[in-house]
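*Asks:* Just passing along the structure, written as structure tokens.
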Amino acid sequence: MRSELQTKLAQPLQIGTVTLHSRVFQSPLAGVTDRVFRRLVRRYAPHSLTYTEMVSASGLHYARELPRVMEVDPDEAPIAIQLFDCRPDFLAEAAERAVAEGAQIVDINMGCPVNKITKNGGGSSLLRQPEVAAQIVRQVVARSPVPVTVKTRLGWSEQEITILDFARRMEDAGAQAITIHGRTRAQGFNGRPGGTGFAG
Ligand SMILES: Cc1cc2nc3c(=O)[nH]c(=O)nc-3n(C[C@H](O)[C@H](O)[C@H](O)COP(=O)(O)O)c2cc1C
């Protein structure tokens, strides 16, 4: 007999207009989640939601050619293209390109801890700029015909666990889902997820 949880997990999951028939989400991994990798993931989890690695909206604005990491096979669904930047206008423009390439969801990276990204105002530094983050979501939502989602972290550091307020702001701005990497920016990719300072 199925438990209540099993029955619930067997139901489709709705992200805005997109219906997901699997609870498997293959997280975006720079240098890993290319077309070949995604094909392998789908072999074992056919209906899983996959992501491209993050793509720079500024890079896209100035590039003549589409970066290879943004290429999507015609039969790839459901797939999210992940974008990062601090400029709402470039991100909105990049979202239109992502949809034209076949994205069913546009995901905005607000969690990358790497200095190269945060010093330019992208990734997890947006946790410290919630107004800019909300403006980004509002502008991308206004130009995107598909659901817009956000991936972020618990907060900047153990002393700055801001996810509850941040998530509400993103939801109010129009984000249809939020994925949380359960570490702080200060933790990078190591250490126990969950953080001892999380009280909510
Ligand atoms: C090599 C590597 C590349 C990653 N690239 C991205 C990325 O492009 N976008 C993103 O949102 N997260 C990225 N992440 C974070 C992962 O998607 C995931 O949220 C994180 O690793 C937490 O899961 P774990 O505790 O199982 O490692 C990356 C992580 C690793 C290790």
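Laboratory data are not the source of any read-out in this text; all were calculated from the coordinates shown. In this text, all values refer to a predicted model and were calculated from it rather than measured experimentally. All Cβ positions, glycine included, derive from the backbone under ideal geometry; neighbour counts span all protein chains shown.
*Asks:* Bin by bin, in steps of 5 Å, what percent of the Cα pairs in the chain do you find, going until the bin that has the longest distance?
*Replies:* Result, from short to long distances: 1, 8, 16, 19, 20, 17, 12, 5, 1, 0, 0, 0 percent.
*Asks:* Under a Cβ-only charge scheme (Lys and Arg +1, Asp and Glu -1), can you give me the dipole magnitude of the chain about the Cα centre, in debye to the nearest 20?
*Replies:* Numbers: 24 positive and 20 negative charges, 103 e Å.
Roughly 500 debye, rounded to the nearest 20.
*Asks:* To continue, here is another question. Take the range 123-174, drop everything but the C-alpha atoms, weight them equally and run the Debye formula without solvent; then report log10 I(q)/I(0) at 0.26 Å⁻¹ to two decimals.
*Replies:* Here the Debye-derived log intensity ratios amount to -0.99.
*Asks:* For the range 82-178, what number results from the quotient of the Cα radius of gyration and 2.2 N^0.38 Å? Don't skip to the answer; put the middle values down first.
*Replies:* Numbers: Rg = 12.4 Å, N = 97, 2.2 N^0.38 = 12.5 Å.
So the range 82-178 has a normalised radius of gyration of 0.99.
*Asks:* Measuring from centroid to centroid over Cα atoms, what is the spacing of the range 108-134 and the range 43-101 in Å?
*Replies:* If we compute the Cα centre of each part, the gap is 18 Å.
*Asks:* If eta is 0.692 mPa s and T is 37 °C, what Stokes-Einstein diffusion coefficient results for the range 21-118, Kirkwood Rh from Cα pairs, in µm²/s?
*Replies:* Details: Rh = 13.7 Å.
Taking Rh from Cα pairs, D becomes 240 µm²/s.
*Asks:* Using the number of other C-beta atoms within 10 angstrom as an exposure proxy, rank Ile81, Ile15 with the fewest first. Before the final figure, lay out the partial values.
*Replies:* Working: Ile81 27, Ile15 19.
Taking fewest neighbouring Cβ atoms as first place, the list is Ile15, Ile81.
*Asks:* Within 10 Å of each residue's Cβ, count the other Cβ atoms and sort Val140, Val55, Val99, Val148 from fewest upward.
*Replies:* On the way: Val140 27, Val55 24, Val99 17, Val148 30.
Listed from fewest to most nearby Cβ atoms, that is Val99, Val55, Val140, Val148.
*Asks:* Calculate for the chain the 222 nm mean residue ellipticity that helices alone would give, adding -39,500 (n - 2.57) per DSSP H run of length 4 or more and normalising by residue count, nearest 500 deg cm²/dmol. Mind showing how you got there, number by number?
*Replies:* Working: 7 runs with 66 residues, N = 200.
One gets -9500 deg cm²/dmol as the mean residue ellipticity at 222 nm.
*Asks:* Same structure again: For the range 15-24, in order, what is each residue's ³J(HN,Hα) by Karplus, 6.51 cos²θ - 1.76 cosθ + 1.60 with θ = phi - 60°, in whole Hz (x at glycine and Pro)?
*Replies:* Running phi through 6.51 cos²θ - 1.76 cosθ + 1.60 with θ = phi - 60° gives 10, x, 8, 9, 9, 9, 9, 9, 9, 8 Hz.
*Asks:* Determine, for Asp85, Asp34, the number of other Cβ atoms within 10 Å of each Cβ, and report the residues in order from fewest to most.
*Replies:* Details: Asp85 27, Asp34 14.
Exposure proxy ranking, most exposed first: Asp34, Asp85.
*Asks:* Here's something else I'd like to know. Considering every Cα-Cα pair within the range 1-76, what fraction, in whole percent, is farther apart than 19 Å? All intermediate terms of the calculation are to be shown ahead of the outcome.
*Replies:* Values: 1409 of 2850 pairs.
Of the Cα pairs, 49 percent sit more than 19 Å apart.
*Asks:* Report, to two decimal places, the Cα Rg of the range 47-95 normalised by 2.2 N^0.38 Å (N = number of residues). Write down the numbers at each step before the final one.
*Replies:* On the way: Rg = 11.4 Å, N = 49, 2.2 N^0.38 = 9.7 Å.
With N residues counted in the range 47-95, Rg over 2.2 N^0.38 Å equals 1.18.
*Asks:* I would also like to ask the following. Indicate, rounded to the nearest 5 percent, the antiparallel portion of the DSSP beta bridges found entirely in the range 114-200.
*Replies:* On the way: 2 of 8 bridges.
So the antiparallel bridges in the range 114-200 amount to around 25 percent.
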